[in-house]
Amino acid sequence: MTDTGGIGVFLGLDVGKGEHHATAVTPAGKKAFDKRMPNTEPKLREVFTKLQARHGTVLVVVDQPASIGALPIAVARDTGCRVAYLPGLTMRRIADLYPGEAKTDARDAFIIADAARTMPHTLRDLAPDDETVAELQMLVGFDDDLAQESTRITNRLRGLLTQIHPSLERVLGPRLDHPAGRAALERFGSPAQISKAGRRQLLLLLQPKAPRMALRLVDDIFAALDEQTVTVPGTDAATLIIPSLASSLSAVHDQRRLLATRIEELLEAHPLAKVLTSLPGIGVRTAARILIDVGDASGFPTAGHLAAYSGLAPATRSSGSSIRGEHPSQRGNKQLKRAFYLSAFASLREPASRTYYKRKRAEGKHHVAAITCLARRRIDVLYAMLRDRTLYQAQPLPPA
């Protein structure tokens, strides 16, 4: 929540790619500025400077702090303005309180400014991003895109293999994340080509990529080939597509590997990296996501606020006698929620997390609900670690 004390004018920006609409509102509710302006530093700096000269402290509020909203925020900070962020979903709900149903940039800019004036609790602080976090945000965003592309290509490959040779898909499909599984399809794109190459040539191809499992994998592949003698229509077309898809999948994995190296280098240079990674289940990518979205947790008054922001705080629903109880929240930061969930799942190797998970299962909760409860509990621990800048210390388990 942003402290709006001492603000001379509230400037709402409905940001756009080429230009923004800016509306400034005084503490008394009077419009002091209402114009469109190009997304260029000279014009932004000119408007911010004039408003400061006339009204004093300026609070610049945007509805998108990243991508197209990055330049206005950077210029506002450089000119001495304060900055804040009004989440898009919050802004849309506030818009229902204002008369009219039109959806225009001018109306949105005024709503952003007036919400900052009258409902400061809806704003979120935008702490100055250091170069490390800014670079992490760009790299992690690209890595998320590559992960989605990897999933898409993998599903496409498995679908084609299932269509032309289900037995071969059962062997190679689960191994597409391994270089050996992709190499077999990249070099030999069809069951017929693998059979023609023979065991020896396939083993020579796979041995450098999977020294320990190459022989077993070759045996499994040829055992699968023996299970089907007919050729399914469309096999010739799939033979042309499969090597290309396997090559694309290898390229995506190579890119992700390079990104992971750079992300790890940046993370090691950040003072909070050791604090985050000391918590069991938090690796490089998860720590980077937490740094980007949570930072040092100073923007959240309590661990409960952080849990609500990540969508892990249960929502209570009660209406008469038909709807009662708590349900999983459908809101929050989806990427952060996924990071906390996956880290909780990975932490099951730790005795304390495993014990808590088993206790929730014994209470009747299914697997997903138990992991969600564990993730929520770990947020309390993580919040305290970030607040006190302390490493994780495992608590001894009580005697059975």
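Listing for the model above:
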read-out: Dimensionless Rg over Rh [the stretch 9-126; C-alpha; Kirkwood]; value: 0.92
read-out: Relative contact order %, the stretch 9-126, counting alpha carbon pairs below 8 Å whose residues are six or more apart; value: 32 percent
read-out: Solution diffusion estimate, µm²/s, Stokes-Einstein, the stretch 114-167, Kirkwood Rh from C-alpha pairs, 20 °C, viscosity 1.002 mPa s; value: 140 µm²/s
read-out: Distance between modelled label sites at Arg387 and Arg200, nm, 7 Å Cα→Cβ extension; value: 6.9 nm
read-out: Amide proton proximity set for Val294, modelled H, under 5 Å, gap of 5+; value: none
read-out: Cross-link partners of Lys50 among aspartates and glutamates (Cα-Cα below 17 Å; sequence separation of 8 or more within a chain); value: Asp34, Glu41, Asp78
read-out: Inter-label distance for Thr355 and Gln255, nm, one decimal - labels placed 7 Å from Cα along Cα-to-Cβ; value: 4.5 nm
read-out: Footprinting exposure proxy for His55, His367, His20 (fewest neighbouring C-beta atoms within 10 Å first); value: His367, His55, His20
read-out: Under 15 Å, Cβ to Cβ, from Glu46 - net charge with Lys/Arg +1 and Asp/Glu -1; value: +3
read-out: Rounded to 5, percent antiparallel among DSSP beta bridges of the stretch 9-126; value: 60 percent
read-out: 20 Å reach of a label modelled at Lys103, 7 Å along Cα-to-Cβ, counting backbone N of the stretch 17-34; value: 17-22
read-out: Cut-off 20 Å, label 7 Å out along Cα→Cβ of Ile241, residues of the stretch 176-201 by amide N; value: 176-177, 182-194
read-out: Contour excess over end-to-end distance, with Cα ends at Lys17 and Val232 and 0.36 nm allotted per residue; value: 72.4 nm
read-out: Potential extension, Ala192-Ala74 segment - 0.36 nm per residue separation minus Cα distance; value: 36.6 nm
read-out: Quarter of the Cα convex hull surface for the stretch 135-265, i.e. its orientation-mean projected area (nm²); value: 8.1 nm²
read-out: Cβ-derived FRET efficiency at R0 56 Å, Ala369 paired with Thr118, nearest 0.05; value: 0.90
read-out: Rg over Rh, two decimals, the chain (C-alpha only, Kirkwood Rh); value: 1.08
read-out: The stretch 273-388: radius of gyration and largest Cα-Cα distance (Dmax), Å; value: 14.5, 49
read-out: Projected-area average for the stretch 242-298 over all orientations - Cα convex hull basis, square nanometres; value: 4.8 nm²
read-out: Asp145/Ala28 FRET efficiency (R0 56 Å; Cβ-Cβ; nearest 0.05); value: 0.75
read-out: Cβ crowding within 10 Å averaged over residues, with 198-206, 157-165 ranked highest first; value: 157-165, 198-206
read-out: Per-residue ³J(HN,Hα) for the stretch 233-248, Karplus 6.51 cos²θ - 1.76 cosθ + 1.60, θ = phi - 60°, Hz, x for Gly and Pro; value: x, x, 5, 5, 5, 5, 4, 6, 7, 4, x, 5, 5, 5, 5, 5
read-out: Backbone HN-Hα couplings from phi across the stretch 334-343 [Karplus 6.51/-1.76/1.60, Hz, Gly and Pro as x]; value: 5, 5, 5, 4, 5, 5, 5, 5, 5, 5
read-out: Alpha-carbon centroid distance for the pair the stretch 333-400 / the stretch 264-316, whole angstrom; value: 13 Å
read-out: Segments 227-239, 263-275 sorted - mean Cβ within 10 Å per residue, highest first; value: 263-275, 227-239
read-out: Radius ratio Rg over Rh of the stretch 196-239, counting only Cα atoms, Kirkwood formula for Rh; value: 1.06
read-out: Beta bridges by DSSP in the chain, antiparallel share as percent, to the nearest 5; value: 65 percent
read-out: Rounded tilt (10° steps) of 284-293 against the dominant C-alpha axis of the chain; value: 20 degrees
read-out: Under 19 Å from the Cα of Lys337 - aspartates and glutamates, other chains or at least 8 residues apart; value: Asp143, Asp144, Asp145, Asp293, Asp296, Glu326, Asp380
read-out: Calculated from backbone phi, Karplus (6.51, -1.76, 1.60) coupling profile of the stretch 217-227 in Hz, x at Gly/Pro; value: 5, 4, 4, 5, 5, 6, 5, 5, 5, 5, 7
read-out: Local net charge near His21, Cβ-Cβ under 10 Å (Lys/Arg +1, Asp/Glu -1); value: -2
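Throughout, read-outs are computed from the coordinates displayed, never taken from laboratory work. What you are looking at is a predicted structure, and each value in this text was computed from that prediction instead of being measured. Backbone-built Cβ (ideal geometry, glycine too); neighbour counts: all protein chains shown.
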